[in-house]
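> What follows is a single structure, and I will ask about it in a moment.
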Amino acid sequence: MDEISDRKIDFKHLILWPGVVTLGVSATRLAGELLDGPRALFNPSAGGPFALVGIVWLVPVVGIYFARRLAGQGHGPKSASLALQSAILGIIFVMVVVLGSVRIPISSPYLKAALLLWAPVAAAAVFQLYAWPALAKALFAYAFAARMPVAILMFFAMLGGWGTHYDAVPEGFPESGLAFRYLWLGLLPQLVFWVGFTVLVGALFGSAAIMWGKRERSSPPL
């Protein structure tokens, strides 16, 4: 299906309900941690296992939802296979950079993460605009709508010392003031890495769903 001008796409309306659901999950996660809920559901530690209640699990679902909605409205990719290949190549690019940078002598682990993980993930996400612009733009809009509230929440959590994963400090993190901690543990990860992750993974699942749908429709009946 050919790409129709994305000027006709109402991105605000498209991301509204996914954004509301995501905000609700974030609020539930915060409440669960503050009320000392089960760790399997609400893990308050930094660098620990992911909690079952978290917005990261929504990314594949949102990617599929956006892809199906956009394709149904005539805003599908120029090529479903190209869109899927673009997402896979983006992930491979990130893996190559990460694995190839293991021995690069950067003393600060946070600077190293910013240069050799967060930046490549963001670059791979931007690359998705080439194969399916409408989906990538929808995912970027959703990602910022999902992660900006978390970034704001983390500031107040760090300021108040709430004892949640939003203000948790990883082991080995240097003694520092609020501004430094918030920059490296809150603002940059949320608005660079997690936005890029959302776009890249959402594009992967969304493109795969469209490819699968095309194959299902083209398969002859038994």
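> Please work out how much length the chain gains when fully extended from Lys78 to Trp212, using 0.36 nm per residue of separation minus the C-alpha to C-alpha distance, in nm with one decimal. Walk me through the numbers before you get to the answer.
Values: separation 134, 0.36 × 134 = 48.24 nm, distance 1.58 nm.
Using 0.36 nm per residue and subtracting the Cα-Cα distance, I get 46.7 nm.
> Here's another thing I want to ask about it. Work out how much length Trp57 to Leu41 would gain on full extension: take 0.36 nm times their residue separation and subtract the Cα-Cα distance, in nm to one decimal. Walk me through the numbers before you get to the answer.
On the way: separation 16, 0.36 × 16 = 5.76 nm, distance 1.24 nm.
Taking Trp57 through Leu41 to full extension adds about 4.5 nm, to one decimal.
> So what are the three principal axis dimensions of region 6-218 from its Cα atoms, in whole Å, longest to shortest?
Principal-axis extents of the Cα atoms in region 6-218, largest first: 57, 41, 31 Å.
> Calculate for the chain the 222 nm mean residue ellipticity that helices alone would give, adding -39,500 (n - 2.57) per DSSP H run of length 4 or more and normalising by residue count, nearest 500 deg cm²/dmol.
Values: 8 runs with 135 residues, N = 222.
Mean residue ellipticity at 222 nm (helix-derived): -20500 deg cm²/dmol.
> For the pair Val98 and Trp17, how long in nm is the line joining their label points, each one 7 Å along Cα→Cβ?
3.3
> Now for a different question. What's the longest uninterrupted piece of the chain once you rule out the GluC sites (Glu not before Pro) that are loop residues per DSSP with at most 13 other Cβ within 10 Å? Walk me through the numbers before you get to the answer.
Values: sites that count: Glu171, Glu175.
With a cap of 13 other Cβ atoms within 10 Å, the longest stretch comes to 1-170.
> Looking at region 47-128, which trypsin sites (Lys or Arg not before Pro) are in a loop (DSSP not H, G, I, E or B) and have at most 10 other Cβ atoms within 10 Å?
In loop regions of region 47-128 (DSSP not H, G, I, E or B), the sparsely surrounded trypsin sites (Lys or Arg not before Pro) are Arg103.
> Still on this model: Could you check the spin-label model distance between Glu175 and Thr28? Points 7 Å from the Cα along Cα→Cβ, value in nm.
4.1
Where a number appears in this text, it was derived from the coordinates with a stated rule and is not lab data. No experiment lies behind these values; they were computed from the predicted model shown. Note: ideal-geometry Cβ built from the backbone for every residue, glycine included; neighbour counts use all protein chains shown.
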